[in-house]
Amino acid sequence: MDPLLLWGLGLLAAGVLLVVVELFVPSAGILAIVSAVTAIAGVVCLFRYDTTWGLIGGLFLVVGGPTIAAFGLKIWPNTPIGRRMLHGEGGEDLQARTEERLRGQREELARLVGLEGEAVTDLRPVGTARIDGRRMDAVADGAIIGAGTRVRVVSIGDNGEVKVRELT
């Protein structure tokens, strides 16, 4: 096999390998630039060997390059370095801490069900109510509720909204 063909294919393979390494090693894009230069050098070697091989290598570079980059960007946030860069130190625990905090807020709001309070503003259907001595956003469950009207908490929505109904 001709050395130019081997060099061309080897340089293209090295370019792909460097893009993969870029996902795991923070290099501020230096590895990506070296990868592009390496792949272009591989295509030049392929063109010097044969025009058909050069066109195949160029097509691989034009189609495969963006495809590999898009795939890399899709999986990068799931790599250890991607999580650390996106979420800071301990980024893996961020989602668990957020879910725990939201669960605690939902449990706290759930104890409000059945308590009575007063609409501070008109609830059309969203407004402010004072329940258990605290001002909070509330949603009228049914008709519009005027300010100063006594209300009772009837439920807590999935997203933490406090639904109230006018006392009769």
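The values are calculated or read from the model by the stated rules, or taken from the named source; none is laboratory data. What you see is a predicted model; the values in this text were computed from it and never measured. Here Cβ is always computed from backbone atoms with ideal geometry, including for glycine, and neighbour counts include all displayed protein chains. Side chains are part of the model used for accessible areas, which takes the heavy atoms of the whole protein and leaves out ligands, DNA and RNA. Shrake-Rupley method; radii C 1.70, N 1.55, O 1.52, S 1.80 Å.
Structure values in brief
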item	result
Inter-residue pairs, beta-carbon under 8 Å, first in contact (Cβ under 8 Å) with a residue 12 or more places away in the chain and surrounded by 14 or more Cβ atoms within 10 Å (Cβ to Cβ) and in segment 130-156, second of a type in the set (S, T, N, Q) and not in a loop (DSSP other than H, G, I, E, B), 6+ apart	Met136/Thr128; Ala138/Thr128; Asp141/Ser155
Any chance Ile56 is under 24 Å from Arg83 (Cβ atoms), surrounded by fewer than 17 Cβ atoms within 10 Å (Cβ to Cβ) and modelled with pLDDT of 90 or more	no
Flag if Arg83 is in a helix (DSSP H, G or I) and closer than 30 Å to Val19 by Cβ	yes
Pick from segment 37-53, criterion among the hydrophobic types (A, V, I, L, M, F, W, C) and open to solvent by 50 Å² or more (accessible area, probe 1.4 Å), ranking: farthest from Trp7 (Cα to Cα)	Val37
Test: residue in segment 121-128 that is open to solvent by 30 Å² or more (accessible area, probe 1.4 Å), touching a residue at least 24 places away in the same chain (Cβ under 8 Å) and either in a strand (DSSP E or B) or among the polar types (S, T, N, Q) (or both)	yes
Candidate set from segment 21-48 (those that are touching a Gly at 6+ places or on another chain (Cβ under 7 Å) and of a type in the set (Ser, Thr, Tyr)); member that is nearest to Thr79 (Cα to Cα)	Ser35
Members of segment 20-42 that are in contact with a Phe, Trp or Tyr (Cβ under 8 Å, 6 or more places away or on another chain) and either under 29 Å from Arg83 (Cα atoms) or of a type in the set (A, V, I, L, M) (or both)	Leu23
